[in-house]
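Chemist: One structure, as structure tokens, below. Some questions next.
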Amino acid sequence: MDQVTDSVYAETKIRGCNPGYVVTSDGVVVIDTPQLPTYAVKMRQEAEKHGTIKYLINTEYHVDHIFGNFYFKGAGIVIAHKVTADNFMKVTPEINPYEYAKEAIPTDDPEGEKIWPDEKTYFENPNRPTIIFSGDITVKCGNHTFELLNTPGHTPGQLAVYIPEEKVAFVGDTIFNECQTWLYASDVDAWLKSLDRIKGLDVEYYIPGHGPVCTKREVDVQKAFLLEWLAAVQSCIGKGMSKEETVKSIDFGKRYKVDIGQEYMLDHVIEHNAAALYDKLTNQR
Ligand SMILES: [Zn+2]
């Protein structure tokens, strides 16, 4: 774990999102959970050394932020935005998140095989959110304040968890630092506004959803990259190119690697981003 401040810890070097926790005078608040079972169990043990876990906040519904909730059962109340709760481990024609999490086990966490739940056991109780809200809410825990800010874009229920006493914000996938940005079905216009919102916070450190802990500078870098994506796809559309031609001509693959453990997905991420953005900008979805 990286110790970001006296009370804030984050894990930025494992496959999946960057989970973390904050130690307060009245217990521990966890933000997102490791996707890989061994790391989820380990992080829970580490967090509990500092006190009882009071709350677990999920910043979005993508599997790499929520699968590990299963290993935090009985450890605090799970809080999430309504969109995250509604889509929690939801199986869609595009993805079965349980299968997606399972695929990583042999390569990234062979030890985790022993504590891997079968599908039925898992879905009986994946440890879903029970405090569910829309907009923003504030949670107090001991001497710390947690402002849960809805920062839509990457997903509509996206949260930033701002802790003013620490001058820290966990911003989830609103920032991909030094790695490829997953656009998928994102609303890029909303995302840009959310970047402005998090930049306005009185913060020294941001814990991004992926990549190293960062500062205000990386908020601008993320914004510039989103604008580049928009401009690139918009320009192809302007030239009358088809979706297939657009996907072929986009060349952001050399810019960054995909985050830890998913380097092999580079072509998929770029192609999927380009296709999804093309559909969005031409109103096909
Ligand atoms: Zn995500």
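The values are calculated or read from the model by the stated rules, or taken from the named source; none is laboratory data. None of the values given here were measured: they were computed from a predicted structure. FYI the Cβ positions are ideal-geometry reconstructions off the backbone, even for glycines, and counts take in every protein chain you see. Side chains included, ligands, DNA and RNA excluded: accessible areas come from the protein's heavy atoms. Shrake-Rupley method; radii C 1.70, N 1.55, O 1.52, S 1.80 Å.
Chemist: So, in segment 42-75, exactly how many residues are buried (at least 20 other Cβ atoms within 10 Å of the Cβ), away from the ligand (no atom under 16 Å from the Cβ) and not in a helix (DSSP H, G or I)?
Modeler: The number of residues fulfilling the criteria is 3.
Chemist: For segment 53-80, give me the residue count where each residue is out of contact with any strand residue (DSSP E or B) (no Cβ under 6 Å at 6 or more places or on another chain) and among the small types (Gly, Ala, Ser).
Modeler: 3
Chemist: Could you tell me which of the residues Glu99, Glu60 is more than 13 Å from the chain's Cα centre (by Cα) and either within 24 Å of Glu263 (Cα to Cα) or touching a residue at least 40 places away in the same chain (Cβ under 8 Å) (or both)?
Modeler: After applying the criteria, what remains is Glu99.
Chemist: Failed condition for Ile207, given (1) away from the ligand (no atom under 16 Å from the Cβ); (2) surrounded by 19 or more Cβ atoms within 10 Å (Cβ to Cβ); (3) not aromatic (Phe, Trp, Tyr), with all others met?
Modeler: Among (1) away from the ligand (no atom under 16 Å from the Cβ); (2) surrounded by 19 or more Cβ atoms within 10 Å (Cβ to Cβ); (3) not aromatic (Phe, Trp, Tyr), Ile207 violates only (1).
Chemist: Another question about this same structure. Scan segment 151-158 and give yes if some residue there is away from the ligand (no atom under 13 Å from the Cβ), open to solvent by less than 60 Å² (accessible area, probe 1.4 Å) and not hydrophobic (A, V, I, L, M, F, W, C), otherwise no.
Modeler: The answer is no, given that none of the residues of segment 151-158 is away from the ligand (no atom under 13 Å from the Cβ), open to solvent by less than 60 Å² (accessible area, probe 1.4 Å) and not hydrophobic (A, V, I, L, M, F, W, C).
Chemist: Go through segment 77-122 and count every residue that is open to solvent by less than 50 Å² (accessible area, probe 1.4 Å), assigned to a loop (DSSP other than H, G, I, E, B) and closer than 13 Å to Phe67 by Cα.
Modeler: Result for segment 77-122: 7.
Chemist: Can you find a residue that is closer than 30 Å to Met1 by Cβ, in a helix (DSSP H, G or I) and of a type in the set (Ser, Thr, Tyr) anywhere in segment 184-201?
Modeler: yes
Chemist: Which residues, counting only those in segment 169-186, are within 13 Å of the ligand (Cβ to nearest atom) and at pLDDT 95 or above?
Modeler: Val171, Gly172, Asp173, Thr174, Ile175, Phe176
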